[in-house]
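The block underneath contains the structure these notes are about, expressed in structure tokens.
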Amino acid sequence: MAEHNLQSVAFPTLADAQIAEFGRCASAVSKIYRNGETLFEVGDRNFKFHVIRSGEVDILDYSGDVPKSLTVHLKGGFTGDISHLTGNPSVVTAVAKGDCEVYEISSDALKQALNQCPTLSDIVLQAFIARRQLLRQSSDFTGLRVIGSRYSQDTFRLRDFLAKNHVMFTWTDLETDPDVDKMLKQFNVTEADTPVIACSSMLLLRNPSNRELADRIGIRHPLDREVYDLVVVGAGPAGLAAAVYGASEGLRTAVLERTAPGGQAGTSMRIENYLGFPAGVTGSELTDRAILQANKFGARIAISSAVTSLAFDNSYCLVQLDGEDPVTTKCLLVATGVDYRRLGVEGEQHFEGRGIYYAATPTEAQMCRGAEVVLVGGGNSAGQAAVFLSGHASKVLVVIRGNDLYKNMSSYLARRLEQIPNIEVLPNTTIERMNGNGQLSSVEMLNHKTGQERTVRTPAVFTFIGAVPRTDWLPAEIERDNKGFIRTGQTLSQSPHWNSPRQPFLLETSRPGVFAAGDVRSDSVKRVASAVGEGAMAVKFVHEYLKEM
Ligand SMILES: Cc1cc2nc3c(=O)[nH]c(=O)nc-3n(C[C@H](O)[C@H](O)[C@H](O)COP(=O)(O)OP(=O)(O)OC[C@H]3O[C@@H](n4cnc5c(N)ncnc54)[C@H](O)[C@@H]3O)c2cc1C
């Protein structure tokens, strides 16, 4: 969207009738703020949504070295952003500029209003999405600060975690940033303490775990210990679709996600075959929208919540989390997708996050700007990654084991790769060795047809070589095929674990009430659309099962 268009979507002016409609919201109160009074502050949790009836409200960013005004809302404007729906803390501060009169509304009442009034919902949600987009595009907005070396696995882990969770942050590279010594001094830390996380002039954490970081910045929302109708494990496209349909159809729905919502699709820089997006859509945008939608309908999403095992108590499922009490649910949907395979080259584990990457997003692209990079794999995800990286690296060498790029890649994508001048395809080739001292510096490759060896100096190898399902945490009652993918559907009525007189539903596993959807399912189509479709379909079977209980 063009910049001026984005501005007008981000900051619309409500008509008098629409202002009045917000005034009728469940918890709306009319309030007057005097000049200089604060409506809410950066970091506030459960902060209120405000519709301006008269006067002006200044929106300020305190995350940089000096406070900056980002925008001023006038009559008919409204404060807030997607944090109202996700439950995350505010990223900005709002202050009355002169005396002003507002309707003040709680986030819960706002959600209710958005569900009841489609016109207001359109205006407000589009504005929230556009505001985040503007902040992301702005080179002025600092957000959190991550200070750490490009050669540190923990720095990469923290940057990756924040990026996947759509937290805005600025990375200061210990190796290249001229101001780094000054900054370390300012926060009273040494290089040995890094990576560190800071906000404005405050040091928040030294090399935290992902969960500590999520807790400190308020983006993790542990679940209430109630009995859910549906718990979904995994917030990729299948899990998020199930959350949207489950919550919108009145089920008490919760999603448990190990790292961040989006799954594999969240790492795609352009999904071109998803219905309704002729120009393509980034995985990150699709995820952002799905999270908003699920939150709007009342689904609970808990990040940094890895599920470690599953047990049963009569007809209830007990879902065990890493380091937390179990969550109880009547139905469970397993939507844990797949993980990319390791290359199997000696010593590769030393270079994970320091030269070997399993996704190609802006986080990884920053590490290889202007360098020659190697990408292993011949499927569509490899093709998309090669196209994206060709815009950042000086050259992308695409290594495939076979001799035909068109065999596993859609022909439109294979053709595009052939047309990009700084992409070279190396057929019949494998990586034999990786070298480097701490950080990857070169790889040795072998062409099995010609016997030719080639050594390439590179800081990064990207691997997209097929996937393994994430099902090792499941008990034996949940039948899997010989590759570990979950079996579902009617044939399971013969399973020794199936204990119901009826036939299993289409997406039901060998245990009644436990369903599987998306890439983790045996014989599934590995696509965003099919994962979304299966997530939505699973909810229909959940209703059927609940009727039986
Ligand atoms: C780079 C890339 C580009 C792609 N491009 C396209 C494309 O253009 N078009 C297309 O149709 N498909 C594309 N795909 C494939 C598509 O993304 C997948 O088919 C789809 O994401 C599968 O969705 P899913 O929900 O089944 O699983 P996933 O997306 O794999 O999501 C599973 C989620 O479960 C979480 N999880 C796993 N284990 C646990 C646990 N124990 N506890 C809690 N959470 C857990 C994971 O962290 C993850 O978020 C692409 C894939 C990649 C990697």
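The values are calculated or read from the model by the stated rules, or taken from the named source; none is laboratory data. Keep in mind it's a predicted model, so treat the numbers as computed, not measured. Glycine gets a Cβ as well: all are built from the backbone with ideal geometry, and neighbour counts include every protein chain shown. All accessible areas refer to the heavy atoms of the entire protein, side chains included, with ligands and DNA or RNA removed. Shrake-Rupley method; radii C 1.70, N 1.55, O 1.52, S 1.80 Å.
Annotations for the structure displayed:
- Residue count for the stretch 33-79 satisfying the condition of being out of contact with any helix residue (DSSP H, G or I) (no Cβ under 7 Å at 6 or more places or on another chain), open to solvent by 40 Å² or more (accessible area, probe 1.4 Å) and assigned to a strand (DSSP E or B): 7.
- Residue within the stretch 354-361 that is of a type in the set (A, V, I, L, M, F, W, C), more than 9 Å from the ligand (Cβ to nearest atom), assigned to a strand (DSSP E or B) and closer than 30 Å to Ser390 by Cβ present: yes
- Scope the stretch 497-549; condition of a type in the set (A, V, I, L, M, F, W, C), open to solvent by 80 Å² or more (accessible area, probe 1.4 Å) and more than 14 Å from the ligand (Cβ to nearest atom); matching residues: Leu506, Met549
- Residue within the stretch 225-234 that is within 16 Å of the ligand (Cβ to nearest atom), among the acidic types (Asp, Glu) and under 30 Å from Met537 (Cα atoms) present: no
- Residues (of a type in the set (Gly, Ala, Ser) and open to solvent by 20 Å² or more (accessible area, probe 1.4 Å)) located in the stretch 294-307: Gly298, Ala306
- Once the stretch 264-284 is narrowed to residues that are among the polar types (S, T, N, Q), assigned to a loop (DSSP other than H, G, I, E, B) and near the ligand (Cβ under 7 Å from one of its atoms), the residue that is nearest to Gly239 (Cα to Cα) is Gln264.
Residues checked against (1) small (Gly, Ala, Ser); (2) within 16 Å of the ligand (Cβ to nearest atom); (3) touching a residue at least 60 places away in the same chain (Cβ under 8 Å); (4) open to solvent by less than 10 Å² (accessible area, probe 1.4 Å):
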site	(1), (2), (3), (4)
Ser390	yes, yes, no, no
Arg401	no, no, no, no
Leu405	no, no, no, no
Asn422	no, no, no, no
Gly436	yes, no, yes, no
Ser442	yes, no, no, no
Lys449	no, no, no, no
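- Selected residue (only one of Leu318, Leu333, Leu310 is at negative phi and surrounded by fewer than 19 Cβ atoms within 10 Å (Cβ to Cβ)): Leu318
- In this entry, Ser411 passes the filter for residues that are among the polar types (S, T, N, Q), free of Cβ contacts under 8 Å to residues at least 12 places away in the same chain and open to solvent by 50 Å² or more (accessible area, probe 1.4 Å).
- When Glu226, Glu212, Glu175 are checked against the criterion of being farther than 30 Å from Val327 by Cβ, at pLDDT 90 or above and open to solvent by 60 Å² or more (accessible area, probe 1.4 Å), Glu175 stands alone in meeting it.
- Residue within the stretch 482-496 that is within 25 Å of Gly250 (Cβ to Cβ) and within 16 Å of the ligand (Cβ to nearest atom) present: yes
- Filter pass, Asp519 being at positive phi and acidic (Asp, Glu): no
- Any chance Ser8 is open to solvent by 20 Å² or more (accessible area, probe 1.4 Å), assigned to a strand (DSSP E or B) and small (Gly, Ala, Ser): no
- Residues of the stretch 376-388 classified as assigned to a loop (DSSP other than H, G, I, E, B) and within 11 Å of the ligand (Cβ to nearest atom), total: 2
Matching residues to (1) within 23 Å of Gln293 (Cβ to Cβ); (2) open to solvent by 30 Å² or more (accessible area, probe 1.4 Å); (3) in a strand (DSSP E or B):
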{"residue": "Asp81", "(1), (2), (3)": "yes, no, no"}
{"residue": "Asn88", "(1), (2), (3)": "yes, yes, no"}
{"residue": "Ala94", "(1), (2), (3)": "no, no, yes"}
{"residue": "Asp108", "(1), (2), (3)": "yes, yes, no"}
{"residue": "Ser139", "(1), (2), (3)": "no, yes, no"}
